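Student: Starting off with a structure, shown below.
The values are calculated or read from the model by the stated rules, or taken from the named source; none is laboratory data. Everything quoted here is computed from the prediction, not taken from an experiment. No Cβ is skipped: glycine too gets one built from the backbone with ideal geometry, and neighbour counts run over all protein chains shown.
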């Protein structure tokens with residue numbers, strides 16, 4: 001149900017505007033397919049924390065079948081991908097998986113996701129382009 005309540009970005013222009021116009025908060029975009037199981041699980045977590053993180057993060061969803069503009073640019077080949085942006089800049093996070101550009105696995109713990117967003121936001125405020133996740137997913141998930 002999370003995907004019903006979170007705002008969707010329906011075109012490349014909408015994605016660009018969401019990233020470019022937000023000046024104070026972290027922009028979190030879940031790229032994927034709304035009907036995909038991993039996306040549904042992640043959407044539930046994102047929806048459940050949206051109110052808690054609203055002061056420092058804004059969460060959007062983007063269906064990669066509807067908006068194909070970024071599939072090649074961001075290498076959106078996984079069923080579900082979460083990316084972070086701050087002040088029109090892509091924020092990277094080291095999760096220990098080898099892929100620092102995006103989160104391509106489901107985080108099913110709400111507090112864990114809040115902690116990740118806080119870490120990325122704090123690093124972004126300090127003008128860091130890459131932050132280290134408070135959790136290591138090297139052995140947890142692939």
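Student: Output the number of residues of region 106-129 satisfying the condition of being more than 23 Å from residue 23 (Cα to Cα), assigned to a helix (DSSP H, G or I) and touching a residue at least 24 places away in the same chain (Cβ under 8 Å).
Tutor: Of the residues in region 106-129, 1 are more than 23 Å from residue 23 (Cα to Cα), assigned to a helix (DSSP H, G or I) and touching a residue at least 24 places away in the same chain (Cβ under 8 Å).
Student: Against the condition touching a helix residue (DSSP H, G or I) at 6+ places or on another chain (Cβ under 6 Å), farther than 23 Å from residue 13 by Cα and in contact (Cβ under 8 Å) with a residue 24 or more places away in the chain, how does residue 132 come out, does it pass? Explain how you work it out, then say what you get.
Tutor: Working: touching a helix residue (DSSP H, G or I) at 6+ places or on another chain (Cβ under 6 Å): no; farther than 23 Å from residue 13 by Cα: yes; in contact (Cβ under 8 Å) with a residue 24 or more places away in the chain: yes.
Against the criterion (touching a helix residue (DSSP H, G or I) at 6+ places or on another chain (Cβ under 6 Å), farther than 23 Å from residue 13 by Cα and in contact (Cβ under 8 Å) with a residue 24 or more places away in the chain), residue 132 does not qualify.
Student: Collect the residues in region 50-90 that are under 25 Å from residue 37 (Cβ atoms), touching a residue at least 60 places away in the same chain (Cβ under 8 Å) and surrounded by fewer than 19 Cβ atoms within 10 Å (Cβ to Cβ), keeping them in residue-number order.
Tutor: Across region 50-90, the qualifying residue is only 52.
Student: Might you let me know whether region 113-128 holds any residue that is under 21 Å from residue 39 (Cβ atoms) and exposed (fewer than 12 other Cβ atoms within 10 Å of the Cβ)? Let's see the steps before the verdict.
Tutor: Step one: list which residues in region 113-128 are under 21 Å from residue 39 (Cβ atoms), which gives 113-114, 116-117, 120.
So of that shortlist, the ones also exposed (fewer than 12 other Cβ atoms within 10 Å of the Cβ) come out as none.
Scanning region 113-128, I find no residue that is under 21 Å from residue 39 (Cβ atoms) and exposed (fewer than 12 other Cβ atoms within 10 Å of the Cβ), so the answer is no.
Student: Can you name the residue in region 1-51 that is part of a strand (DSSP E or B) and farther than 23 Å from residue 111 by Cβ and is also farthest from the chain's Cα centre (by Cα) among such residues?
Tutor: Let us first name the residues in region 1-51 that are part of a strand (DSSP E or B), namely 8, 26-32.
Then drop every residue that is not farther than 23 Å from residue 111 by Cβ, which leaves 8, 31.
Numbers: 8: 13, 31: 8 Å.
Applying the filter and picking the extreme gives 8.
Student: Just give me the residues in region 91-111 being at pLDDT 95 or above and surrounded by fewer than 16 Cβ atoms within 10 Å (Cβ to Cβ), in sequence order.
Tutor: Within region 91-111, 94, 109, 110, 111 qualify.
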